[in-house]
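Heads up, the thing below is written out as structure tokens.
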DNA sequence: TCAATAATTGCACTTCCGTTGCATCGGTTG
DNA sequence: CAACCGATGCAACGGAAGTGCAATTATTGA
Ligand SMILES: [Mn+2]
Ligand SMILES: [Mn+2]
Ligand SMILES: [Zn+2]
Ligand SMILES: [Zn+2]
């Protein structure tokens with residue numbers, strides 16, 4: 001159970017009670033979570049604390065932020081060994097238009113794109129919208 | 001000069017003075033525009049009118065909405081013959097982190113992605129971030 | 001033509017999410 | 001214990017999207 005604490009410390013984040021709870025909650029859920037989702041799960045905690053916790057996590061490579069096209073930022077735990085900050089883990093994301101959940105498809109990498117002359121790519125974001133496996137009844 | 005009016009009428013949108021002006025403005029600019037951009041260009045017009053004009057345009061296949069990751073919706077005129085509403089024109093978009101402009105790369109289509117079992121794709125959004133041709137000095 | 005009708009526009013207001021400033025709390029250190 | 005510093009809580013702000021309704025303008029058809 002000290003695993004979470006170690007993960008935080010290894011990434012230079014002090015493992016406070018709140019942070020451990022948030023980390024565990026995100027690990028338990030298998031989908032990307034919005035600040036509001038976490039807020040609802042921790043009613044007693046202040047919104048700002050959760051907000052800053054997510055930012056701290058993101059700055060230290062513990063979570064990555066996901067823009068799934070809903071205009072609500074989502075967050076998901078990084079896979080161990082994922083170097084988001086180096087833009088080396090450009091997996092795609094899937095947003096289900098039925099259940100409104102967003103998941104990381106960490107195995108599916110964004111294919112290389114040939115850009116027109118003069119354009120320099122530094123980052124990429126690919127979101128597929130549709131029906132997720134749970135909702136497709138498959 | 002009746003071209004714009006015809007384009008609007010052909011798409012079932014009544015060509016009011018305001019709409020023609022907005023269409024011309026979007027055609028003149030070669031980049032995707034946010035509501036605020038248009039608002040600044042038409043100071044005398046009400047924001048709601050511009051907002052609803054863009055929505056009307058989008059609902060009738062005159063513009064398409066672009067989510068470039070800035071959490072601000074952008075809009076760009078559809079190419080003639082682009083069937084956005086049928087998700088058949090999945091070109092990618094480029095967002096320059098230097099000048100903050102977003103452009104359609106209508107020639108670059110989003111490659112087909114093989115999804116895991118059970119996932120059904122209906123739409124896709126691919127945004128490349130980096131330096132645009134104007135800013136790269138190329 | 002002109003009244004009736006429908007669509008468009010303008011104004012005020014609300015909601016939602018993200019963000020910040022500042023005071024307070026609490027643990028760590030010397 | 002005292003001092004310090006990071007974490008947390010409270011309050012407020014700002015931008016962007018969206019809505020209700022009244023006023024205005026365009027269209028219809030008697
Ligand atoms: Mn992810
Ligand atoms: Mn486009
Ligand atoms: Zn689903
Ligand atoms: Zn640029």
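The values are calculated or read from the model by the stated rules, or taken from the named source; none is laboratory data. It should be emphasised that the depicted structure is a prediction, and the values quoted were computed from it without experimental measurement. We place every Cβ from the backbone using ideal geometry, glycine too, and count neighbours over all the protein chains shown.
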Search result, residues across the range B:17-40 that are within 14 Å of DNA strand D (Cβ to nearest atom) and either surrounded by 13 or more Cβ atoms within 10 Å (Cβ to Cβ) or under 11 Å from residue B:77 (Cβ atoms) (or both): B:18, B:19, B:20, B:21, B:32, B:33, B:34, B:35, B:37, B:38, B:39
Of all residues in the range B:62-77, how many are at pLDDT below 95 and away from DNA strand D (no atom under 15 Å from the Cβ)? 0
Tally time: how many residues in the range A:1-57 are within 16 Å of ligand 3 (Cβ to nearest atom) and assigned to a helix (DSSP H, G or I)? 1
Could you go through the range B:74-88 and let me know if any residue there is touching a helix residue (DSSP H, G or I) at 6+ places or on another chain (Cβ under 9 Å) and surrounded by fewer than 16 Cβ atoms within 10 Å (Cβ to Cβ). yes
Among B:64, B:91, which is surrounded by 20 or more Cβ atoms within 10 Å (Cβ to Cβ) and more than 12 Å from residue B:31 (Cα to Cα)? B:64
Specify which of the listed residues (B:135, B:99, B:82) is more than 16 Å from ligand 1 (Cβ to nearest atom) and either assigned to a helix (DSSP H, G or I) or touching a strand residue (DSSP E or B) at 6+ places or on another chain (Cβ under 7 Å) (or both). B:135
Return only the number of the condition from (1) within 14 Å of chain B (Cβ to nearest Cβ); (2) within 16 Å of DNA strand D (Cβ to nearest atom); (3) over 30 Å from residue B:103 (Cα atoms) that residue A:99 does not satisfy. (2)
Looking at this structure, is residue B:34 touching a residue at least 24 places away in the same chain (Cβ under 8 Å) and within 13 Å of chain A (Cβ to nearest Cβ)? yes
Counting only residues that are more than 9 Å from every other protein chain (Cβ to nearest Cβ) and in contact (Cβ under 8 Å) with a residue 24 or more places away in the chain, which one in the range A:104-138 is farthest from the chain's Cα centre (by Cα)? A:106
Name the residues in the range B:110-120 that are modelled with pLDDT under 95 and in contact with a strand residue (DSSP E or B) (Cβ under 8 Å, 6 or more places away or on another chain), would you? B:110, B:113, B:114
